[in-house]
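Have a look at the structure below, then the notes.
The values are calculated or read from the model by the stated rules, or taken from the named source; none is laboratory data. Note that the structure is a prediction, hence the values are computed from the model and not measured. Positions of Cβ are backbone-derived with ideal geometry, glycine not excepted, and every protein chain shown enters the neighbour counts.
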Amino acid sequence: MPATAALDVLVVGSGASGLAAAVSAERAGARVALATKTTLQACNSAKAQGGIQAALGEDDSPEMHAEDVMRSSHDTADPRLVQVLTGEAPSAIHWLEEVGVEFTRDNGGYRLARCGGATRKRLLQVGDRTGHAITKALRDAYEAGGGAELPHHVLRSLEPAEGGWRASFETKEGPATVDAATVILAAGGRCFAEAEARGELSTNHPNATGEVTRIALDAGAEARDLDALQYHPNGGAWPPTMQGYSIPETTRAYGAVLLNADGEEFTDSLGARDAVSQAIVEEVEKGKGVSTPDGRPAVWLDTTRISEEDAQISLPYMLRRYRGAGIDPLTERIYTYPVLHYQNGGLVIDEHAETTLEGVFACGEIAGGTHGRNRMMGNSLLECTVFGRRAGRAAAERARA
Ligand SMILES: Cc1cc2nc3c(=O)[nH]c(=O)nc-3n(C[C@H](O)[C@H](O)[C@H](O)COP(=O)(O)OP(=O)(O)OC[C@H]3O[C@@H](n4cnc5c(N)ncnc54)[C@H](O)[C@@H]3O)c2cc1C
């Protein structure tokens, strides 16, 4: 079981947060390796459709964004982390543009949408494949630098070693260890595994199994709100090929509303995620829901209220998926029901994304505090970028100290 040559920074996970961290650490002059469970492309981040929040509208500010985050989290988010998240959001967007992300524009400015729980329009989009665009640009940026790639490296344990940390992996060739001065854990959440255990549907990629959180806890890290899992209000419920698909929240930003069996609006369709999911579940429990042709509980999402133009600009992928499955959302309502989606809590971090273990950083869905117990849509890709960048820079600096 040979140990590889010591590195400055080892990043575990190749979603948006790991990629942002790896690019930043590399640009800060560190010797970096990016290890990931399967291929570099395999992650939840690439599946993200809706968009990324930043207070860039004329009527908006980072302070208003922060207030929306605190309110949506029911004041359970860590205000220090929220201030960093919303304060650095505009510069994070410009950094993404610099690495090659082209956000959708309207009349010369960004096309901004209002997402659930937000008081202003602040969701930037790349059509409805925002996560794909962000991860591709970051991957290209990392591959253009001098960092190493370690695909098919499944982290199994982490322990202190001379001058830093030793990570043990399972690889196609057998066990391997990697020593690094600092480690950035960016291995995402656990909702795929959790949904399987509960016998439920999930929006998540099969690699979202959560064992890296357990590994960090075993190494002595602290966590918070791990029990707070988020349901996406609008899972696809029919046809079978769309079951577990996350219908972008931007459908509701562009006019779709939730209706019960009697065609009545029963909730604010742009409320906070937990409130909307709860309202759907309660409506079904009251007997006012509908049943999919295979007997699953659901309500209607009336997508026929979305204009053709908005759909073509901001929902082309969703339209293609549904039309390919034989349903045209612009002429008929679609079945929806909440589906397991996101791990709100995670490892405790400080403003520089360092966990309670010295030299071990965490960013993205594996970290807790930024969203408290209820995340707003569009703030996860933002968290990945803002705290990924911070983790990369801080880990590189620490490695050289
Ligand atoms: C369908 C869908 C739509 C979404 N839409 C949006 C949206 O519009 N806006 C928004 O802000 N958020 C959205 N989200 C949430 C957001 O995309 C994710 O929370 C975020 O991208 C997570 O990024 P991450 O880098 O933390 O983790 P991930 O992108 O999940 O990446 C984790 C990485 O870690 C690797 N890994 C896991 N375990 C191990 C291990 N043991 N060893 C090595 N590597 C490991 C994985 O293979 C993967 O590469 C959406 C999520 C989904 C699933």
- Message: Of all residues being free of Cβ contacts under 8 Å to residues at least 24 places away in the same chain and out of contact with any helix residue (DSSP H, G or I) (no Cβ under 8 Å at 6 or more places or on another chain) in the range 26-67, which is surrounded by the most Cβ atoms within 10 Å (Cβ to Cβ)? Just the residue, please.
- Response: SER61
- Item | Single residue of the range 135-164 satisfying the filter (out of contact with any strand residue (DSSP E or B) (no Cβ under 6 Å at 6 or more places or on another chain) and crowded, with 16+ Cβ neighbours inside 10 Å) that is nearest to GLY109 (Cα to Cα) | ALA137
- Query: Residue check, THR182 against (1) away from the ligand (no atom under 12 Å from the Cβ); (2) crowded, with 20+ Cβ neighbours inside 10 Å; (3) outside the structural domain of GLY388 (by TED's automatic domain parsing); (4) among the hydroxyl-bearing types (Ser, Thr, Tyr), all met but one. Which one?
  - Reply: (3)
- Task: Identify all residues within the range 15-52 that are near the ligand (Cβ under 7 Å from one of its atoms), in contact with a strand residue (DSSP E or B) (Cβ under 6 Å, 6 or more places away or on another chain) and either in a helix (DSSP H, G or I) or not β-branched (Val, Ile, Thr) (or both); write none if there are none.
- Result: GLY18, ALA35, LYS37, GLY51
- So HIS132 fits all but one of (1) within 14 Å of the ligand (Cβ to nearest atom); (2) in contact with a strand residue (DSSP E or B) (Cβ under 8 Å, 6 or more places away or on another chain); (3) assigned to a helix (DSSP H, G or I); (4) not hydroxyl-bearing (Ser, Thr, Tyr); what number is the exception? (2)
- Task: Would you confirm whether any residue within the range 316-328 is crowded, with 22+ Cβ neighbours inside 10 Å and in contact with a Ser or Thr (Cβ under 9 Å, 6 or more places away or on another chain)?
- Result: yes
- Query: Going by the conditions given, is GLU365 away from the ligand (no atom under 14 Å from the Cβ) and within 21 Å of ALA22 (Cβ to Cβ)?
  - Reply: no
- Item | Residue in the range 27-43 that is assigned by TED's automatic domain parsing to the domain that holds GLY364 and more than 27 Å from ALA187 (Cβ to Cβ) present | no
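Here's the yes/no breakdown for (1) closer than 25 Å to ASP227 by Cα; (2) crowded, with 17+ Cβ neighbours inside 10 Å:
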residue	(1), (2)
SER14	yes, yes
LEU19	no, yes
SER73	yes, yes
GLU88	no, yes
GLU97	no, no
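Please find, within the range 85-120, the residue that is nearest to the chain's Cα centre (by Cα) out of those that are among the acidic types (Asp, Glu) and more than 17 Å from ASP140 (Cα to Cα).
Residues of the range 85-120 among the acidic types (Asp, Glu): 88, 97-98, 102, 106.
Checking which are more than 17 Å from ASP140 (Cα to Cα) leaves us with 88, 106.
Details: GLU88: 17, ASP106: 25 Å.
This residue is GLU88.
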- Message: What's the number of the only condition in (1) closer than 30 Å to SER24 by Cβ; (2) surrounded by fewer than 24 Cβ atoms within 10 Å (Cβ to Cβ); (3) in contact (Cβ under 8 Å) with a residue 12 or more places away in the chain that GLY388 fails to meet?
- Response: (2)
- Task: Just give me the residues in the range 281-337 being assigned to a strand (DSSP E or B) and either not acidic (Asp, Glu) or not assigned by TED's automatic domain parsing to the domain that holds PRO233 (or both), in sequence order.
- Result: VAL290, SER291, PRO297, ALA298, VAL299, TRP300, LEU301, ILE334, TYR335, THR336, TYR337
- THR209 vs (1) assigned to a strand (DSSP E or B); (2) of a type outside the set (A, V, I, L, M, F, W, C); (3) within 12 Å of the ligand (Cβ to nearest atom): all pass except (1)
- If ALA113 passes every condition in (1) modelled with pLDDT of 95 or more; (2) buried (at least 19 other Cβ atoms within 10 Å of the Cβ) but one, which one does it miss? (1)
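So, in the range 53-90, of the ones that are outside any helix (DSSP H, G or I) and farther than 21 Å from ALA272 by Cβ, which residue ends up farthest from the ligand (Cβ to nearest atom)?
Narrowing the range 53-90 to residues outside any helix (DSSP H, G or I): 53-61, 73-78, 88.
Applying the additional criterion that residues be farther than 21 Å from ALA272 by Cβ yields 56, 58, 88.
On the way: LEU56: 15, GLU58: 23, GLU88: 15 Å.
Checked the range 53-90; the qualifying residue farthest from the ligand (Cβ to nearest atom) is GLU58.
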